[in-house]
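J.: Take a look at this one; I'll ask things after.
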Amino acid sequence: MTLSARISALLLFGASLSLVGCDEGGEMAILSVEPRQAASQGRPVKIGGRNFRTDIGYTVFFGTKKSDQVTIIDPETLLVVAPQSEQPGTVDITIRADNGDAFIIHDVFEYQAPAGGIVDRMGEGPERQEGGGLAY
């Protein structure tokens, strides 16, 4: 390969790298979080926005707890699993892109106290229906 052919190949390769690195869609924006509340156990949460890059990864925190599952559905949607929380309360969601960008959505997600299980609710409800039988 001649020197001019090598230079042309390097310039072509460099041009393609700069195109991959360009963010042609504009700045990333967060537009929605659904649902905005859940019991303390993990739950899928959809984060809607614009310009999520599909060529890099994202790390998502609910308060100080990191989500173990983050999926880039498309440039407008991230699907994350809310990490478990022992305490009810409202937390920030922080999204960190692998390219160094970070975004914080303040007080957006509420962990609720878990509802009691079936054993906790035993004995609740109508004690007797007329005629002495239970209605199901």
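The values are calculated or read from the model by the stated rules, or taken from the named source; none is laboratory data. Just so it is clear, the model here is predicted, and its values are computed rather than measured. For neighbour counting, all protein chains shown are included, and Cβ atoms are generated from backbone atoms with ideal geometry for every residue, glycine included.
J.: Picking from Gly26, Gly21, Gly14, which residue would you name as being at pLDDT 70 or above, over 20 Å from the mean Cα position of the chain (by Cα) and surrounded by fewer than 13 Cβ atoms within 10 Å (Cβ to Cβ)?
T.: Being at pLDDT 70 or above, over 20 Å from the mean Cα position of the chain (by Cα) and surrounded by fewer than 13 Cβ atoms within 10 Å (Cβ to Cβ) holds for just one of Gly26, Gly21, Gly14, which is Gly26.
J.: Anything in region 93-110 that is in contact with a Phe, Trp or Tyr (Cβ under 8 Å, 6 or more places away or on another chain) and surrounded by 14 or more Cβ atoms within 10 Å (Cβ to Cβ)? List them, or say none.
T.: Residues satisfying the conditions are Ile93, Thr94, Ile95, Arg96, Ala97, Phe109.
J.: Filter region 71-114 down to residues that are acidic (Asp, Glu) and closer than 21 Å to Ala39 by Cβ and give me whichever is modelled with the lowest pLDDT.
T.: Here the residue is Glu86.
J.: Could you check region 28-83 and list, in sequence order, the residues that are in contact (Cβ under 8 Å) with a residue 60 or more places away in the chain and under 19 Å from Pro114 (Cα atoms)?
T.: Correct list: Arg36, Gln37, Ala38, Ala39, Ser40, Gln41, Val45.
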